[in-house]
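For reference, the structure discussed in these notes is given below.
The values are calculated or read from the model by the stated rules, or taken from the named source; none is laboratory data. The structure presented is a predicted model; accordingly, all values stated were derived computationally and were not measured. Cβ placement follows ideal geometry from the backbone for every residue including glycine, while neighbour counts extend to all protein chains displayed.
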Amino acid sequence: MADIKELADLMRELEGMIDTCTRCGACQAVCPVFEQTGNEADVARGKLALLEGVLQEVFKKPGGVAERLDRCLLCGSCEATCSGGVKIQEIFIRARAIITGFTGLSSTQKFMLRQILARPELFDRVFEWLGRFQKFFLKPLDNLPGTSCPRLVSPLLTDRHVRPPALKPFHRMVPSLDTSPGSSGKKAAFFVGCLIDKLYPNIARDTVDVLTHHGVGIYLPDNQGCCGIPAISAGDPETFETLVRHNIERFDPGKFDFLVTACATCTYTIKKIWPMMMKTGSDDLNTKMSEIVEKTMDINWFLIHEIGIEMDDCPQDQGDICVTYHDPCHLKKSLDVSEEPRALLKANPAYRYVEMPEADRCCGLGGSFNLKHYDLSEAIGKQKIEAIRSTGCSVVTTGCPACMFQLSDMLSKSNDPVSVKHPVELYAEKLKDSMTYGE
């Protein structure tokens, strides 16, 4: 538990940031949680009002303040709409850390975050164990390939159709790589991310294949850790800093020109959250982090702007397979990456692209929000499924594995056999005949 004086100083700093909110209410129109509840305390303006004077309130009713802050997807819709430039996501993330510093983590959180997530090798082993024994607690479903439902009643899995752990995670397929630049003259580090490594290793494999095809040297260090977003979202800066330090040690910025990820949330966390919340460390550590942050970019952005992929000269309304795209919140609203994944999709002439209504509407996952408030997460997710259905597509794509997890759950539960893919998977399909990277 943090020192009370230190917490008070942090809270006063936070209150100074909150003062920039004019309470105009523009955030109401875009908040997916407020749309479901109609509760002012669930929208950004309401939470900011709650945090005003919270220096006193947090010591009286820390649980109540924490509960309200937890009812937030951290999707960034409010911040992207705010005309006053209020740093809403930073305020909420800092507030969670301050309150957790006062109340402490629960025993479950402390175990999961500090004993498992903070130890990448152990975290990998736990998921490999889950993959080997998943048949005992997950039952494969027929209506949507790649999803399962729980065999046993669990407070975390009840009513969910989940993506099971991969039988072989990517770090077992390809433990490490360090190849020289080819025809592109560029070398990219590849930050895989937890969900892609453990649930969607095919995305990582396709990313390596595509980079190799375009003559990009690949730096893939072993024993990569989580980007840290689960820890900092839970208000645990200690685990967050442990993971950031671990990854900075693995990714020497002098060994690559770019760092690419195929995960919207990992990209956002490295570029925005690392420099925001990582305030301690040596000058050398801070310098390396700044270099990594500067070099980090989404795989779609990298392929379009750095490699210069061009769309085939073919009508985009004549492909046999209808595909649409969901904008991950962290990719479009926080990093302004939106046209690039669409361009990558349109580069494959086998697909006919159809834009869905409100493609940038949040899918409702929000990490731990889905665990704590599944009723709201599901309600928001169902709206997204209706938008997907309206396109008549057989494939929906998105640049975030967490969004893929949510969309698979919602589609499977609605008996809708729409495949969920990453844009890089569809682009890799086009290149499969010329791939040189094999098993």
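In the stretch 409-418, is there at least one residue being modelled with pLDDT of 95 or more, in a helix (DSSP H, G or I) and surrounded by fewer than 21 Cβ atoms within 10 Å (Cβ to Cβ)? The answer is no, given that none of the residues of the stretch 409-418 is modelled with pLDDT of 95 or more, in a helix (DSSP H, G or I) and surrounded by fewer than 21 Cβ atoms within 10 Å (Cβ to Cβ). Is it fair to say VAL126 is modelled with pLDDT of 85 or more, of a type in the set (A, V, I, L, M) and either out of contact with any strand residue (DSSP E or B) (no Cβ under 7 Å at 6 or more places or on another chain) or more than 23 Å from PHE251 (Cα to Cα) (or both)? Yes; evaluated as a whole, the condition is true for this residue. Only one of the listed residues (GLY85, GLY76) is crowded, with 17+ Cβ neighbours inside 10 Å and of a type outside the set (Ser, Thr, Tyr). That residue is GLY76.
Beta carbons closer than 7 Å, at least 6 apart along the sequence or on distinct chains, pair a first residue in the stretch 190-208 that is under 14 Å from HIS422 (Cα atoms) with a second that is among the charged types (D, E, K, R) and in a helix (DSSP H, G or I) for ASN202/GLU425; ILE203/GLU425; ALA204/ASP197; ASP206/GLU425.
The listed residues are LYS288, LYS333, LYS271, and the only one of them that is crowded, with 17+ Cβ neighbours inside 10 Å, within 30 Å of ALA95 (Cβ to Cβ) and either small (Gly, Ala, Ser) or over 17 Å from the mean Cα position of the chain (by Cα) (or both) turns out to be LYS288.
Residues are listed down the side, and each one gets a yes or a no for (1) in contact with a Cys (Cβ under 8 Å, 6 or more places away or on another chain); (2) assigned to a loop (DSSP other than H, G, I, E, B); (3) surrounded by 23 or more Cβ atoms within 10 Å (Cβ to Cβ):
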| site | (1), (2), (3) |
| --- | --- |
| GLY185 | no, yes, no |
| PHE190 | no, no, yes |
| LEU195 | yes, no, no |
| ILE203 | no, no, yes |
| VAL210 | no, no, yes |
| GLY215 | no, yes, no |
| ASP222 | no, yes, no |
| CYS226 | yes, yes, yes |
| VAL244 | no, no, yes |
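Pairing residues of the stretch 93-111 that are farther than 11 Å from MET11 by Cβ with residues that are of a type in the set (D, E, K, R) and buried (at least 18 other Cβ atoms within 10 Å of the Cβ), at Cβ distances under 7 Å and at least 6 apart in sequence or on separate chains, gives THR100/ASP236; LEU105/ASP236.
LEU113 meets the conditions (1) surrounded by 19 or more Cβ atoms within 10 Å (Cβ to Cβ); (2) at pLDDT below 90; (3) under 21 Å from CYS226 (Cβ atoms) in every case but one. The failed one is (2). In summary, helices (runs of 4 or more DSSP H) completely within the stretch 1-80 and bearing 3 or more residues that are modelled with pLDDT of 70 or more and among the hydrophobic types (A, V, I, L, M, F, W, C) occur at 4-18, 44-51, 62-70.
Within the stretch 413-426, residues that are on the phi < 0 side of the Ramachandran plot reach partners that are assigned to a loop (DSSP other than H, G, I, E, B) and among the hydroxyl-bearing types (Ser, Thr, Tyr) with beta carbons closer than 7 Å, at six or more positions or on different chains, in the pairs VAL418/SER394; SER419/SER394. Taking the criterion of being at pLDDT 75 or above and loosely packed, with under 12 Cβ neighbours inside 10 Å, the residues of the stretch 136-167 that qualify are PHE136, LEU167. Listed by position, the strands (runs of 3 or more DSSP E) enclosed by the stretch 296-381 that each have at least 2 residues that are in contact (Cβ under 8 Å) with a residue 40 or more places away in the chain and closer than 14 Å to PRO423 by Cβ are 321-326.
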